[in-house]
Amino acid sequence: MDEYHKIIHIDMDAFFASVEQFDTPEYKGKPLVVGGRGPRSVVAAASYEARKYKIHSAMPMTQARRLCPTLIIIPPRFERYALVSRQIMDIFHEYTDLVEPLSLDEAFLDVTVNKPGMSSATLIAEEIRRKIWEKTGLTASAGVSINKFVAKVASDINKPNGITVILPHEVGDFLKKLPIQKFYGIGAVTAEKMKSLGIHHGADLLQFDLPALIHHFGKVGAWYYDIVRGIDHRPVQTTYERKSFGTETTYSEDLYGEEAVRVALEKVCEELWRRLEKKPAAGKTVTLKIRYADFTTKTISKSYAAPIENLESFLETAQQLLQKEFPLKMGVRLLGLTFSNLQAESSVTLPIPFPSDKDNTENNQ
């Protein structure tokens, strides 16, 4: 394995919910979610006991309550989660400085060369999982392999509280047998499109050459061509270039009428611009997200050759995108804006290089 990188992906198990169960022992073994109690609240995290009721993150809280009338609902405590996250990240740094956090509860580690001088990435992953348990009382799952993509997929195989190791000579067979929806970066919509083309497992995806994948999926087809062959040259990055800033608002009551939606969008613009002013960043792409009363979600983007440098231009672009949705077919539940294609450094890379440098419109149910 010496000629390969040794990459570990650590993913905490139901992190927010597990912290709440640890801090309040009477919640252990009970269905619990983290989130708000309002009529438009959504589930931020669900314990494994809640998942048995088919409750998952981003589900409307009203639906979660219907699925499990005895559900325990806890408001989020982000300062507490951040504190536990720092303890976990400190453990990672005992082994390597090549740590790439993806969020509070997961990270990639490159342990090809590591501080203790251990030859086995598997033993390092097991030690890390043990130390996390001893220090925080929480469990973590791990994937160990030759690159970030395979390690990320592997970490999800034996959740919760498990480890999956994919050795170099095992990567090909592992990916051939993997259901297409288990490939990290292939979402539900893309998976359904692939299945319509006869692609159900990695072995099916291997039958498509590069031109065919680009024809069916655009530029991201090249990514699919590589990952099914176990090719991922992305390094574990300790510094990050942020690709976007965004904010969104879910309304307690649906918005009706052009004027009401325009006023609401202006407030979203101003909120995001206040955040942008604190960062040395200017972007070329604005994306509007609009979710309707029936939960249909639509995104519309517009890109420019030069960065948008003032609030007036930002507002104008956002309103132009919104204009495409009039007349409204139904009430608006959520409005969001994202500012991307940034021209200055900030933080957090996208995990997969999906194209974002052109106008696009996408509908998701």
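Residues to consider are GLY230, GLY218; find the one that is on the phi > 0 side of the Ramachandran plot and in a loop (DSSP other than H, G, I, E, B).
Details: GLY218 fails: in a loop (DSSP other than H, G, I, E, B).
Sole residue among the options that is on the phi > 0 side of the Ramachandran plot and in a loop (DSSP other than H, G, I, E, B): GLY230.
What number of residues within region 139-155 satisfy the criterion of being in contact with an Asp or Glu (Cβ under 8 Å, 6 or more places away or on another chain) and farther than 15 Å from ARG234 by Cα? Summing the residues that are in contact with an Asp or Glu (Cβ under 8 Å, 6 or more places away or on another chain) and farther than 15 Å from ARG234 by Cα in region 139-155 gives 6. Filter region 72-96 down to the residues that are acidic (Asp, Glu) and modelled with pLDDT of 95 or more, then identify the one that is nearest to the chain's Cα centre (by Cα). Here the answer is ASP90. Restricting to region 201-247, name every residue that is surrounded by 16 or more Cβ atoms within 10 Å (Cβ to Cβ) and under 30 Å from ARG40 (Cα atoms). Listed by number, the residues that qualify are ARG242, LYS243, SER244, PHE245, THR247. Regarding region 295-302, can at least one residue be identified that is among the hydrophobic types (A, V, I, L, M, F, W, C), in contact with an Asp or Glu (Cβ under 9 Å, 6 or more places away or on another chain) and over 16 Å from GLU266 (Cα atoms)? Yes: region 295-302 contains one or more residues that are among the hydrophobic types (A, V, I, L, M, F, W, C), in contact with an Asp or Glu (Cβ under 9 Å, 6 or more places away or on another chain) and over 16 Å from GLU266 (Cα atoms). Among the residues of region 234-250, those identified as modelled with pLDDT of 75 or more, part of a loop (DSSP other than H, G, I, E, B) and of a type outside the set (D, E, K, R) are PRO235, VAL236, GLN237, THR238. Looking at region 311-330, which of its residues are within 19 Å of GLY246 (Cβ to Cβ) and either part of a strand (DSSP E or B) or without any contact (Cβ under 8 Å) to a residue 24 or more places away in the chain (or both)? Result: SER313, GLU316, GLN320.
For region 1-58, filtering for residues that are surrounded by 15 or more Cβ atoms within 10 Å (Cβ to Cβ) and acidic (Asp, Glu) leaves 4. So is ASP173 exposed (fewer than 14 other Cβ atoms within 10 Å of the Cβ), free of Cβ contacts under 8 Å to residues at least 40 places away in the same chain and not in a loop (DSSP other than H, G, I, E, B) or not? Yes. Per this entry, SER141 is not counted among residues that are over 20 Å from the mean Cα position of the chain (by Cα), at pLDDT 95 or above and either surrounded by fewer than 17 Cβ atoms within 10 Å (Cβ to Cβ) or closer than 30 Å to TYR4 by Cα (or both).
Being farther than 20 Å from SER41 by Cβ and either exposed (fewer than 15 other Cβ atoms within 10 Å of the Cβ) or modelled with pLDDT under 80 (or both) narrows it down to one of GLU271, GLU277, so name that one. Within the list GLU271, GLU277, the selection yields GLU277.
Tell me which residues, restricted to region 254-272, are of a type outside the set (Val, Ile, Thr) and free of Cβ contacts under 8 Å to residues at least 12 places away in the same chain. Can you show your working first?
Here is the first cut: in region 254-272, the residues of a type outside the set (Val, Ile, Thr) are 254-260, 262, 264-267, 269-272.
Of everything in region 254-272, those that are of a type outside the set (Val, Ile, Thr) and free of Cβ contacts under 8 Å to residues at least 12 places away in the same chain turn out to be GLU259, ALA260.
Within region 251-269, the set of residues being farther than 23 Å from THR285 by Cβ and either outside any helix (DSSP H, G or I) or among the basic types (Lys, Arg) (or both) comprises TYR251, SER252, GLU253, ASP254, LEU255, TYR256, GLY257. In region 109-138, the residue that is surrounded by the most Cβ atoms within 10 Å (Cβ to Cβ) out of those that are in contact with a Ser or Thr (Cβ under 7 Å, 6 or more places away or on another chain) and over 20 Å from PRO235 (Cα atoms) is LEU138. Does ALA151 fit the bill of being surrounded by fewer than 17 Cβ atoms within 10 Å (Cβ to Cβ), assigned to a helix (DSSP H, G or I) and hydrophobic (A, V, I, L, M, F, W, C)? No; evaluated as a whole, the condition is false for this residue.
The values are calculated or read from the model by the stated rules, or taken from the named source; none is laboratory data. Values in this document were obtained by computation on a predicted structure and should not be read as measured data. Don't worry about glycine lacking a Cβ; one is built from the backbone with ideal geometry, like all the others, and counts go over all protein chains shown.
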